[in-house]
């Protein structure tokens, strides 16, 4: 690695430490309307593979918005849309099968959409997001448990950015995705990394 590249990485690393503020309280985050920063937002899922292992995959390409006002939780609103055909696993053949009509049917149902109905949080930084998830043509309530990861100015694009992690569970059969259930796990664990940029 040449000296100029090392110097560039060092500058970015120092800048990131100086501008991103992990561990801050939600009350300290700027209010406003944020848009999802798609490149750094991921929706991971894990499901039991016939009781032998927990097998994971990933969705990407999310879009949407977050209306954030920590002083007035009642007005906080999250709307997210995820392209179903963005699904990826470590097995290409399985990835294509999951996009097909026996599973997610990405051609007929191209988007999974979540819209929050209530957001609450406590002084420990625990955030509870309840809302409706529409997927595979069906809508069901889903609850996400989230926490703030960090907030600050991104040193690369100079955008004020806030990041969250969230977890939740759902039953795939509730959304009409029932092949091999319950032997192949019905309960799906969600792990979400969400990045949002404050609109200028």
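In the set (1) touching a strand residue (DSSP E or B) at 6+ places or on another chain (Cβ under 7 Å); (2) crowded, with 17+ Cβ neighbours inside 10 Å; (3) under 18 Å from residue 44 (Cα atoms), the condition left unmet by residue 171 is number (2).
Sort out for me the strands (runs of 3 or more DSSP E) sitting completely within the stretch 49-166 that have 3 or more residues that are modelled with pLDDT of 95 or more, out of contact with any helix residue (DSSP H, G or I) (no Cβ under 9 Å at 6 or more places or on another chain) and crowded, with 18+ Cβ neighbours inside 10 Å.
Of the strands (runs of 3 or more DSSP E) lying wholly inside the stretch 49-166, those with at least 3 residues that are modelled with pLDDT of 95 or more, out of contact with any helix residue (DSSP H, G or I) (no Cβ under 9 Å at 6 or more places or on another chain) and crowded, with 18+ Cβ neighbours inside 10 Å span 77-83, 138-153.
The values are calculated or read from the model by the stated rules, or taken from the named source; none is laboratory data. Computed from a predicted model, the values in this text were never measured in an experiment. Because the Cβ atoms are built from the backbone with ideal geometry, glycine has one as well, and the counts that use them run over all protein chains shown.
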